[in-house]
1. Hey, in the GNM for the chain with a 10 angstrom Cα cutoff, which one of Phe361, Phe44, Phe216 fluctuates hardest?
2. Order by neighbour count: Met219, Met49, fewest other Cβ atoms within 10 Å first, most last.
3. Add -39500 (n - 2.57) for each DSSP H run of 4 or more in the chain, then divide by its residues: what number comes out at 222 nm, to the nearest 500 deg cm²/dmol?
4. Loop by DSSP (not H, G, I, E, B), at most 14 other beta-carbon atoms within 10 Å: where is the longest site-free stretch of the chain for GluC sites (Glu not before Pro)?
5. For Trp200, what is the net charge nearby, where nearby means another residue's Cβ is under 10 Å from its Cβ and Lys, Arg count +1, Asp, Glu -1?
6. Cut-off 10 angstrom, C-alpha nodes, Gaussian network model of the chain. Which of Ala365, Ala215, Ala378 fluctuates the most?
7. Once R0 is set to 22 Å, what does the formula 1/(1 + (r/R0)^6) return for the Cβ-Cβ distance between Trp50 and Ser417, expressed as a FRET efficiency to the nearest 0.05?
8. In a solvent-free Debye calculation with one equal scatterer on each Cα, what is log10 I(q)/I(0) for the stretch 97-164 at q = 0.24, 0.25 Å⁻¹, listed in the order of the q values?
Amino acid sequence: MRLFSPHSVRSSLAKVTKYPLSLDPALRTALGIFVLVRLGLSVFAVAVMWRASPYDKIESLRYLYHGLQPVAEGIPGILLGVWQRWDTLWYQKIATVGYSVADGSTAFYPLYPLLVHLLGRLLFENYLLAALVVSNAACLGSFYVLFKLTQMDFDQGVAARAVLYLAIAPGGIFLFSGYTESTLLLLILLSFYLARRNNWLLAGIFGCLAALTKAFGVMLIVPLAIEYIMQRSSNYAGRGPRPSRRSGVYLLLIPAGTLGYLVYRVKVLAESLSAEGSVRPVILRLLVPSAQERFWEDRFVLPWDNVALALKQVVIEPSVYTIAPLAIGLLYLLVILLCWRRLPLSYGIFGLVMIVAALSFNLLANPLARVPRHLLVAFPVFVALGSLCRDGLSRRLVVYLSSGLLLMYAATFVIWSYAG
């Protein structure tokens, strides 16, 4: 049995959406996979909520809502409340009342809550609904742009598998929830796509927006600078127009976004850059804001030290929640290395940078707990998987393991346990 073959995706899409099969292949694949996974996760989440009844202990959870009203009853509770968890509540609060240095909300970058605020005003101040609309629209857009970007170097089969493997990634629940991951991923993909099309001004603008979405966004400058140098080199001749010398200046828009938010925190919100009187290097202040370190005990450590801590925890406290993040991080690293020669150099560098960064974020309770979520934006991993795992056993193995972990993390998220 061939799971998620191009034929099955087309057939399912025709039944679910009733759109003609003559649609652009990128749109057809993106829309089909989005609808199937989105509906599947929604039904699964409602089933888990009904079985676990997390709202029976709503009073004990009320402090996690930061003064917001829980959406826990009736149809809104089924359709919206099941996604009102963890960071979604922070973005909902920022969109509603703005930032405060006292509560640690400045750890969350401003673009996503701004979009939620603007859309929420149009939706009669329903900021939870606005967050889900923004995230899901960005998720669908990410699937579409990933297909188009992958198609520049591979065939449609690889592009379709890359989208599928991203949609069912272990941390994929966060692409469909009120989190920044899908928005950040869309902006990153647009930056790469426009850079590959030699539109460096728009690539820089979208890179700046990515840097205003999450700390990881600033890392775009490294692979895009390499892409710019490659396109300027003599070896690139004949593949397309070479960028002008001044085009590279547009890449400075990327760190400008991160520095702009840093200035806003310091000058407007009067936030201290250091945590508990410590003085940290500027780069660490950008990657782990002082509020994030102070309120959530996040630290930025060397990746091999963090992996060693994770291995120690696996030995002391073996469970799927300690083993899975470590295995995912190392497996993604292996995939990038195996496909290094197949991928454009800028993709390989970006994938490697993102994996190293994800392995360097330390959460005291579980050192690598956020790896499945952070690596959702490492799109070269899914392009590489689409190229490596084409047919038969390898594809089934990816689909079964990945979708199984996706459902595990989805259930964890719904019942108010920490999923990353």
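1. Of Phe361, Phe44, Phe216, the most mobile in the Gaussian network model is Phe44.
2. Fewest to most other Cβ atoms nearby, the residues stand as Met49, Met219.
3. -19500 deg cm²/dmol
4. In short, 126-275.
5. +1
6. In this elastic network of the chain, the residue with the biggest mean-square fluctuation among Ala365, Ala215, Ala378 is Ala365.
7. 0.85
8. -0.94, -0.98
Values quoted throughout were computed directly from the atomic coordinates according to the rules given, and no laboratory measurement underlies them. All values reported here derive from a predicted model rather than from experimental measurement. For neighbour counting, all protein chains shown are included, and Cβ atoms are generated from backbone atoms with ideal geometry for every residue, glycine included.
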